[in-house]
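What follows draws every value from the coordinates through simple rules; no lab data is involved. All values reported here derive from a predicted model rather than from experimental measurement. In this analysis, Cβ positions are derived from the backbone assuming ideal geometry, glycine residues included, and neighbour counts consider all displayed protein chains.
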Amino acid sequence: METINQEALDRVRDKEFLDINEATAIFECSRSTIHRLCQKGLVNAYKEPMGGGKKMKWAISKQGLLNYYKARREGAKRRGLQMRVWPTDIPQEWLTMREAVEATGWGKDAIGRWCREGMVQAERRSNCWFLESTQLINFTKKAPEGWATTAEARQITGLTRARLSKLALEGKLEASKAAGRWHFNKESLAEHMRRREKYMPKEYQRQAAPSL
């Protein structure tokens, strides 16, 4: 159901319910696709006797098919993937995984882990994650467990913001930049300070290991 045959649609403009041949002609798809939509209740349809005999045929709501097509178009546009239906119980202002990556700067693996562990408000539908935008943005402003914000890293190490950024860019600290903010791995910070203090005169060495 990737396109609509407008000529076929015009031929049934006065009909509310379609048979399966009319539906396949309009949406240029297979009979099995229409059968699946009817059987799964994805469109409004019912069976009626065919020709007055015992055989039954589907009567399929034209508007229901058009609504389904529109939902698939919206799902494809939001995901950037093949056409899927945007779930009716997911608010339109929520984010897909692709949109969450763009909004926060964090990778799919990290965001997926937060979803699975319940760290952010999210729902999984049709093998896709949908995330509540406001809570996600607020969550990414603080560092996940085991990581430190720049302010926390300064407290742990006593280094300046510029020095921490330089070490991160040089790969001397394990760090990730998301939405313009650095997050530093706490164990990496502690290891850096241990290496640093090893070569410092005793009077300049810290009295205790950095707190994690």
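Roughly how many nanometres apart are two label points built 7 Å out from the Cα toward the Cβ at residue 10 and residue 25?
1.4 nm
What are the ³J(HN,Hα) couplings of the stretch 118-123, residue after residue, when phi is run through the Karplus curve with 6.51, -1.76, 1.60 and θ = phi - 60°? Round to Hz, x for glycine and proline.
Going residue by residue, I get x, 7, 10, 6, 8, 10 Hz, with x marking Gly and Pro.
Across the stretch 93-105, in residue order, what do the Karplus-derived ³J(HN,Hα) couplings come to in whole Hz, using 6.51 cos²θ - 1.76 cosθ + 1.60 with θ = phi - 60° and x for Gly and Pro?
Result, ordered by residue: 7, 5, 10, 6, 4, 4, 5, 5, 4, 5, 6, 9, x Hz.
Search the structure for amide H atoms under 5 Å from the amide H of residue 182, placed 1.01 Å from N in the peptide plane, and list their residues when 5 or more places away or on another chain.
The list, which skips near neighbours in sequence, is 150.
Relative contact order for the stretch 6-74 using alpha-carbon pairs under 8 Å, separation at least 6, rounded to a whole percent?
Worked out over the stretch 6-74, it gives 32 percent.
Over all directions, what mean area does the Cα convex hull of the stretch 6-74 project, stated in square nanometres?
Projected area, direction-averaged: 4.8 nm².
Using the basic label-point model (7 angstrom from Cα toward the beta carbon), what is the residue 169 to residue 109 distance in nanometres?
2.5 nm
Within straight cross-link reach of residue 177, meaning Cα distance under 30 Å, which lysines are found once same-chain residues fewer than 8 apart are removed?
Within the straight-line cut-off, residue 177 pairs with 77, 108, 141, 142, 166, 186, 198.
Is the C-alpha gyration tensor of the stretch 89-140 telling us rounded, prolate or oblate? Criteria: a/c under 1.5 is rounded; beyond that, a/b larger than b/c is prolate, otherwise oblate.
rounded
Quick one: which residues, 5 or more positions from residue 106 or on another chain, have an amide H under 5 Å from its amide H? H modelled 1.01 Å from N in the peptide plane, none for Pro or chain starts.
Sorted by chain and number, the residues that satisfy this are 179.
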